[in-house]
Amino acid sequence: MDSKLRRKAILASMGVILLVSLLVLYNNQDTGGGGQPSGTTPPRAEETQKPSDPGNNGVVNGQIGDDLSAFLKDDTFFDPEVNPILEAAKDNASRLSMVVTSVEKDLRIQIVDTEGELVTGESFFVKLDGLGEYKDLDKDGVIYIGDLTAGEYYVELMPMEGYRVPANETKVRVKDKVEYVAIDDISLLLLTEDDINVAEEDTAVADAVADADETEIQKLQKSTANSRVGIDVSKWNGDIDWDRVKNAGVEFAIIRAGYRGSTTGGLVEDSCFAANMRGAAASGMPVGVYFFTQAVNEVEAVEEASAVLELIREYELEYPVFIDTEGAGGNGRADNLDPETRTLVCEAFCRTIANAGYTAGVYASRNWYNNNLHTQKLENYCIWLAEYRSAPLYQGYYHMWQYTSKGAVYGIAGNVDMNISYLVH
């Protein structure tokens, strides 16, 4: 917690104390300071002794003293070094704790305050028994330690001026293998676009566009007994009138939940995700979601899946949760993965989603499936193909086909991706 946050906590405590005192003063004026209320019996002489009368021990009408606003004249009342209540508030505001997780032979140590929020802006140190100290170099409140041997360790948060750290070491277990289960405290890592440089981080490039030909269909198709027509959207589609979209004949939507930054690797929520999910739900539109990956290993894939599970937990999904594996302009942190590693990333994401009770899937272009993935290892998941021509050339099996990125539909300004789903509900 930085000094600004500590000041806010202290001022909040001061405000509560002042409010309570003023309420007591106001109540006393209403009941004992403005004359004798009508319909009451005047007090006897012995009941009207002044505060200085020793026979009443300084008590008048149940109150000690007759000036309840005296604290306002006390220059030291709001001094946290003198007032024990404010000192206690200051002490509580500066307390820190650690949230420690392990996915596979690693530790992620998150430094949080009493509200469970990450404490940023400080270069915290932790000591891992037998291995030395590790520093939060980027001051984001998170220290990641990789390449550890599985087993039990003790972690100690080192003293930092202005903060109170745990007095004892924390015992943790480093996992030997990925377990493909959601990370409970992933919400601490979720960012908004206000936290990042969007131009550098949100840089997905649709490979299918370069592979399109003149037969690309750009109109909303008709559903059949075995297919449904839909769209996929993100913040790039702006504000959407979901009622108009549904009335135009769209039968489902796949909504982007977020993405991993192409440069820093931060987990970022799509700025229109919540609005799109609420709007689609209000219109009765069935939805699924997708997440643009820049994971470089299975651990990061589990993080991405965990982020999606956190984002969708309050919504109903009728369509799958997809990992969107595309390039990021050639300079993305995951652009140069070999097919085996990229396939492991997709598998780890999908297994984590499936273990949470959702249907999982993979989105990619025809060229991406053919050249950058081992598709035979993904056959247990929903395959969403992007290929912009009248009939796909892709030879593998697929469950959903994105047939254009140049569609138009009432309720959305500009172009929109259009799809045919063979997952008939």
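The values are calculated or read from the model by the stated rules, or taken from the named source; none is laboratory data. Note that the structure is a prediction, hence the values are computed from the model and not measured. Counting neighbours? That spans all protein chains shown, and the Cβs are built from the backbone with ideal geometry, glycine included. Side chains are part of the model used for accessible areas, which takes the heavy atoms of the whole protein and leaves out ligands, DNA and RNA. Shrake-Rupley method; radii C 1.70, N 1.55, O 1.52, S 1.80 Å.
Couple of notes before you dig in:
- Under-5 Å amide H pairs with THR203, H placed in peptide plane, nonlocal only: SER262
- Under 5 Å, built H, 5+ apart or other chain: amide partners of SER365: ALA386
- The calculated FRET efficiency for the pair GLN376 and THR263, based on their C-beta separation and a Förster distance of 56 Å, comes to about 0.95.
- Total charge dipole magnitude, the range 154-251, about the Cα centre, Cβ charges on Lys, Arg, Asp, Glu only, Debye to nearest 20: 600
- Most to least packed among 193-206, 353-366 [average Cβ atoms within 10 Å]: 353-366, 193-206
- Cα centre as origin, Lys/Arg/Asp/Glu Cβ charges: the range 314-416 dipole, Debye: 300
- Among 389-397, 298-306, the peptide with the highest mean count of other Cβ atoms within 10 Å heads the list, and the full ranking is 298-306, 389-397.
- Per-pair calculated FRET efficiency, R0 = 51 Å: ALA225 and ASN197 via Cβ, rounded to 0.05: 0.60
- Using θ = phi - 60° and Karplus 6.51 cos²θ - 1.76 cosθ + 1.60, couplings along the range 243-257 (whole Hz; Gly, Pro as x): 5, 5, 4, 5, 5, 6, x, 6, 10, 7, 9, 9, 10, 6, 7
- Across LYS127/LYS171; LYS222/LYS377; LYS135/LYS177, pairs whose alpha-carbon gap is larger than 21 Å: LYS222/LYS377; LYS135/LYS177
- In this rough spin-label picture, where each label sits 7 Å from Cα along the Cβ direction, the ASP211-ALA275 distance is 3.2 nm.
- J(HN,Hα) series, the range 133-139, from Karplus relation 6.51 cos²θ - 1.76 cosθ + 1.60, nearest Hz, glycine and proline x: 9, 10, 10, 7, 5, 8, 6
- Sequentially through the range 268-282, phi angles give Karplus couplings (6.51, -1.76, 1.60; θ = phi - 60°) of 10, 7, 4, 5, 10, 4, 4, 4, 5, 5, 5, x, 5, 5, 5 Hz, Gly and Pro residues having no value and appearing as x.
- The range 249-321: C-alpha gyration tensor shape, a/c 1.5 cut-off, then a/b vs b/c: prolate
- Spacing of the two label points (7 Å from each Cα toward its C-beta) at GLU340 and GLN218, in nm: 4.4
- Backbone amide hydrogens, once placed in the peptide plane, bring CYS272 within less than 5 Å of LYS235, excluding anything fewer than 5 places away on its chain.
- Taking Cβ atoms as reference points and 12 Å as the exclusive limit, the residues near TYR388 contribute a net charge of -4, counting Lys and Arg as +1 and Asp and Glu as -1.
- Think of the range 290-381 as having a plus end and a minus end, set by charges on the Cβ of Lys, Arg, Asp and Glu; of ALA356, TYR369, VAL302, TYR369 sits farthest toward the positive end of this dipole.
- Surface accessible to a 1.4 Å probe, PHE125 within the full protein complex, Å²: 70
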